[in-house]
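Structure first, then comments.
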Amino acid sequence: MNVPSFEFLGFAAVAALLFNLVRRVGYRQVVLLATNLVFFASLMHGWVACVPFLAFLLLGYGLLRACQARAGQSQRGLLAGAVVLIILVFAWLKKYGFFPPGVFLDFPYATVGLSYVFFRVLHLVIDAGGGVLPAITPLGYINYTLNFTALISGPIQRYADYKTQADSVARPDVINAGRAIERICIGFFKVFLLSHLLHDLQGSALGLLPEALGLWSTVLAGVLVAASYPLFLYCNFSGYTDVVIGVGYFFGLRLPENFNNPFIAENFISFWGRWHMSLSNWLKTYVYNTLLMRLMERFPARGIEPFLGVLAFFVTFFLVGIWHGQTSEFVMFGLLQGGGVALNKLYQIQMAQRLGKKQYKALCARPLYTAACRGLTFAWFAFTLFWFWASWAQIEAFYSALGWAGAVLVWAVVWLGAALLIEAVRRLWAGLLLLKAGDAPLATSRYTRTVSMTLVAALTTVFILLASSPAPDIVYKTF
């Protein structure tokens, strides 16, 4: 069952109806269990294919119960061993290259959603070891880890938040239900129409690049290849997130937001605070903060504290890259993510020292400087994504077709174009918000939203019916 799809919406609607028939926690948890298991089974190809996945879940539950039993005692060794074991088993199931090939299972098995289940299981074990995990039953564990609204590609929700919501017996109200449906419509529009068009645009530009005549034709094709993919990925992934957040509402779940206008970020650190936020927040809590504390304990000199932060940033976002995949391309992707965030932090430290914090803050407030930084952030992210979607051979072919002069021009145009376009969109939206309907902006009024959502729903439905090819699959489904 694909998410999003009309089949998924129909399945979720029936499940939500059954879920809300009775306002008892036990009944609702049984309905949610059945819903989760049916959805999970729809992703599998036979019962044998799901055995390693379920064994991983069983291992996680056993380890968290062991850590809970020892909570409050000296158990650093147990917790460390549990964390290492979970990471190694996950890496083994995902077939990371540091294992010898002969140790892998020799039959096909499902790993769809395993990367996100990994984060949930690891979070439970760490919190159990720290004595801060709320009571969790086997039913609660299964419903949390296999939550059908977030199984495939997140968002990553903390268990304490999930439990509070799962224990509620409130039913959807009309206003919030309308907002949830609006969110679902926006998600379908992003995935089925916008990401489809952007995916086709990049494919066409890739096909034209080797045949382009003249420097500027080549540069134009290169710009379209480079700049369309970040926009495609955003529409594809954030559209999926919109759908599952909207669906989750009808099951009493408030899934965390994953995106917050990432392309208006003024630097690469801020970008990762706006992009895939549930992942970056998880890593900040369990990797960055922990690593930084250990480094500060080991190197207590106050003068090097900012540089310890740089190192912690690099390690954290390097892990972001290698979590995405097992190939050398994803190692490079991790190096570029970690390097980008670390260099950004170093730049901030140096500018604050050279100009002083007050003058550096004033510089950052200048519109031209801010626009240039936004453009550079977009360009750097687009550059790193080549190692996300392309192979080494494709990257080599891209730059061979451009040549050195063409490559420099492509990235200069992406930088400048992104800076101008992002600023233009921001100013246009700010201008629209000045148009009032009573005391509220006309652009966000109920009337405007109703008309725009009706148009969005109609356009998306027509496009789905008329499109000669299916919409691109959710990219993060493969991780």
| said: Here is a check on your reading of the model: is G246 of a type outside the set (A, V, I, L, M, F, W, C) and under 30 Å from G10 (Cβ atoms)? | reply: yes
| Qualifying positions in segment 297-311 - within 16 Å of I349 (Cβ to Cβ) and assigned to a helix (DSSP H, G or I) | R302, G303, I304, E305, P306, F307, L308, G309, V310, L311
| field | segment 85-139, residues that are touching a residue at least 60 places away in the same chain (Cβ under 8 Å) and not in a helix (DSSP H, G or I) | value | K94, K95, Y96, G97, P108, Y109, A110, V112, G113, G131, L133, I136
| query | Picking from V219, V244, V225, which residue would you name as being within 17 Å of Y116 (Cβ to Cβ) and β-branched (V, I, T)? | reply | V244
| Any idea which of T164, T149 is hydroxyl-bearing (S, T, Y) and part of a loop (DSSP other than H, G, I, E, B)? | T149
| message | Just the residues that are of a type outside the set (V, I, T) and under 30 Å from G113 (Cβ atoms), please, taken from segment 421-467. | response | M453, A457, F463, L465, A467
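Yes or no, residue by residue, for (1) at pLDDT below 95; (2) over 23 Å from L32 (Cβ atoms):
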{"position": "A69", "(1), (2)": "yes, yes"}
{"position": "S74", "(1), (2)": "yes, yes"}
{"position": "G77", "(1), (2)": "yes, yes"}
{"position": "K95", "(1), (2)": "yes, yes"}
{"position": "G113", "(1), (2)": "yes, no"}
{"position": "L122", "(1), (2)": "no, no"}
{"position": "P134", "(1), (2)": "yes, no"}
| Does L208 satisfy the criteria of being farther than 22 Å from G375 by Cα, surrounded by fewer than 19 Cβ atoms within 10 Å (Cβ to Cβ) and in contact (Cβ under 8 Å) with a residue 60 or more places away in the chain? | no
| query | So is T377 in contact with a Cys (Cβ under 8 Å, 6 or more places away or on another chain) and modelled with pLDDT of 95 or more or not? | reply | no
| task | Please go through segment 27-61 and pick out each residue that is more than 19 Å from S115 (Cα to Cα) and among the β-branched types (V, I, T). | result | V30, V31, T35, V38, V48
| request: Could you list, in sequence order, all residues of segment 396-405 that are surrounded by 15 or more Cβ atoms within 10 Å (Cβ to Cβ) and either within 25 Å of Y476 (Cα to Cα) or among the small types (G, A, S) (or both)? | output: A397, F398, A401
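Residues are listed down the side, and each one gets a yes or a no for (1) of a type outside the set (A, V, I, L, M, F, W, C); (2) surrounded by 14 or more Cβ atoms within 10 Å (Cβ to Cβ); (3) within 23 Å of the chain's Cα centre (by Cα):
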position	(1), (2), (3)
L85	no, yes, no
A91	no, yes, yes
K94	yes, yes, yes
D173	yes, no, no
R183	yes, yes, yes
F189	no, yes, yes
| request: Check whether at least one residue in segment 342-356 is without any contact (Cβ under 8 Å) to a residue 24 or more places away in the chain and under 18 Å from the mean Cα position of the chain (by Cα), and report yes or no. | output: no
| query | Quick one: what pairs do we get from segment 360-376, first residue of a type in the set (A, V, I, L, M, F, W, C), second surrounded by fewer than 16 Cβ atoms within 10 Å (Cβ to Cβ) and part of a helix (DSSP H, G or I), C-beta under 6 Å, 6+ apart or different chains? | reply | L363/Y369
| Selection from segment 390-404 of residues that are among the hydrophobic types (A, V, I, L, M, F, W, C), over 16 Å from L208 (Cβ atoms) and modelled with pLDDT of 95 or more | A390, W392, A393, I395
| task | Go through segment 444-477 and count every residue that is of a type in the set (A, V, I, L, M, F, W, C), assigned to a helix (DSSP H, G or I) and touching a residue at least 12 places away in the same chain (Cβ under 8 Å). | result | 7
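The values are calculated or read from the model by the stated rules, or taken from the named source; none is laboratory data. Note that the coordinates shown come from a computational prediction; the quantities given were computed from them, not determined experimentally. Note: ideal-geometry Cβ built from the backbone for every residue, glycine included; neighbour counts use all protein chains shown.
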